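First up is the structure itself, then whatever we jot down about it.
Values in this text are rule-based calculations from the coordinates and carry no lab data. These figures come from a predicted structure and were not determined experimentally. Please note: Cβ atoms are built from the backbone with ideal geometry, for glycine as well, and neighbour counts cover all protein chains shown.
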Amino acid sequence: MPEHLRLLRDRVREFVRREVIPAEPVLLAGGDTGRLALGRLRERARSEGLWGLAHPAEIGGRGLPLTDYVPLGEAEGESEFGPAVLGSEHLLDALMLHRHARPAVRDRYLPGLLEGRVTPCYGMSEPGRAGSDPSLMTTRARPACDGWTIRGSKWFMRAARADFITVMCRTEPLGVPNSQAFTMFVVPVGTPGYRQVRELPVLGVEDGHREVRFEDVRVPEDHMIGGRGAGFAVAGERLDLGRTLRAVQWLGQARRAFGLMCRRLHGRTAFQEPLAAKQLLQQHVFDAYTDIQAARCQVLRAAAAVRAGRGAYVEAATAKVLASRALCRVLDRAVQIHGAEGLTDDTPLSRMYLRARATRIYDGPDELHVHTVAKRLLKRYAGDPEAEADVF
């Protein structure tokens, strides 16, 4: 790692440990107090030159390449609030608007996204349908005078405080290939016909998830993201980056749990010797370390593939699976080593453990990625003795 990047990584890590982690109880409480605390932390991050490190320079960010951002994002991810405090929480939406939105939408929302004043959410999954098969989506957008009319339902998204929702809709008849049949639209919250149907309590998430309904919601033509029928292409780009960024943040969580576990082993004794001297517990340390390091190698590979601008599904999906597995396993070992205390709120481990379970479902369940990655790898080898160079 270059010296300037190592120094910046260390500054991010020190800021998260000094400012963000101690404020977690207030941030978790939410409400006006939590929002005020978040605002103060963001101002400190800006004053220390740590805001928006991965956003492109042409839209006001620091412009770090994704491969350089990985160690910084890992440091941010040591707290679940790190990305929100340091301005990377909505990087996916900012890049999507920057690359694919029309000027009316980009000018309305992008500056606020970059400053942390605007909250987006993303509507793809639908109640009662397998989220792993997006071709089953039934939310439709039909052409109307000077725009489109959207009708359907979405769920499992952070819509409680969103300012706008990016909605995936079918715009073409059945029979049109899925790659050309879906289109994304930006829907401002408060548009007539938009309503929140119910709150969705989600394991390990304090608040925010909703099921929403679009009842003949009208949006102008210039609220389309990308072109007509380009929804899956834009989503694929978004998901490759999103899976990589999630994996980066999960590495930060795993690293935090690893530190807590090691300090616990040094700080406790049993049968007249430190827990750190117990060979069976040393095995937990070794296994956790190798889980994190293996996942980190794949995350860096995924970041390089995404940065190169080529199809990065195999690399990003593999990184997502490895990082989620690493996080869940490291947390399980850390809780075990903390004993009864690990099950209480006296450490952050119980909260982290609850949140980690969802990582195996976010952005596609692990089983889907295992199946799809294996199929793609086998296809590369079918009848091609030189395919190994492409795979590795």
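Annotations for the structure displayed:
- Our estimate of slack between residue 40 and residue 366, defined as 0.36 nm per intervening residue step minus the Cα-Cα distance, is 113.6 nm.
- Extreme residue, positive dipole direction of the chain, given options 358, 317, 86 (C-beta unit charges): 358
- Legend: ranking of residues 278, 320, 379, 154 from fewest to most surrounding C-beta atoms inside 10 Å; resulting order 379, 278, 154, 320.
- Where labels lie 7 Å past Cα in the beta-carbon direction, separation of residue 180 and residue 205 in nm: 3.5
- Each Cα pair of the stretch 121-218 feeds into the Kirkwood radius, which the Stokes-Einstein equation turns, at 10 °C and 1.306 mPa s, into a diffusion coefficient of 115 µm²/s.
- Under Karplus coefficients 6.51, -1.76 and 1.60, residue-wise ³J(HN,Hα) of the stretch 122-128 in Hz, glycine/proline x: 10, x, 10, 5, 10, x, x
- As a rough footprinting exposure proxy, the listed residues 113, 174, 281 were ranked by other beta carbons within 10 Å of their own, and the order from fewest upward is 174, 281, 113.
- If R0 equals 25 Å, the separation of the Cβ atoms of residue 282 and residue 346 corresponds to a calculated FRET efficiency of about 0.55.
- Here the calculated FRET efficiency for residue 144 and residue 391, from their Cβ-Cβ distance with R0 = 45 Å, stands at 0.45, rounded to the nearest 0.05.
- Magnitude of the charge dipole, the stretch 120-229, Cβ model with Lys/Arg +1 and Asp/Glu -1, debye to 20: 200
- Nearest-0.05 FRET efficiency for residue 294 and residue 130, computed from C-beta distance (R0 35 Å): 0.75
- Residues of the stretch 204-238 with amide N under 11 Å of a point placed 7 Å along Cα→Cβ from residue 151: 215-217
- Residue exposure sequence - 285, 167, 370, 12 - by fewest surrounding Cβ within 10 Å: 370, 285, 12, 167
- Computed about its Cα centre, the charge dipole of the chain is approximately 180 debye, with only Lys, Arg, Asp and Glu carrying charge at their Cβ.
- Residue-averaged [θ]222 nm for the chain, counting only DSSP H segments that reach four residues, each worth -39500 (n - 2.57): -16500 deg cm²/dmol
- Residues whose amide H falls under 5 Å from that of residue 144, counting only those 5 or more places apart or on a different chain, are 149, with hydrogens built in the peptide plane.
- Taking the Cα centre of the stretch 325-383 as origin and assigning +1 to Lys and Arg Cβ atoms and -1 to Asp and Glu Cβ atoms, the resulting dipole is close to 560 debye.
- Looking at the chain, the DSSP beta bridges with both ends there are about 85 percent antiparallel.
- Extending 7 Å from the Cα toward the beta-carbon at both residue 215 and residue 195 defines two label points whose distance is 0.3 nm.
- Acute angle (nearest 10 degrees) that the helix 279-308 long axis makes with the longest principal axis of the chain, alpha-carbon atoms: 30
- Note on the stretch 90-117 and the stretch 135-197: Cα centroid distance 18 Å, given to the nearest whole angstrom.
- Placing dummy labels 7 Å off each Cα toward the beta-carbon, the span from residue 104 to residue 33 is 4.4 nm.
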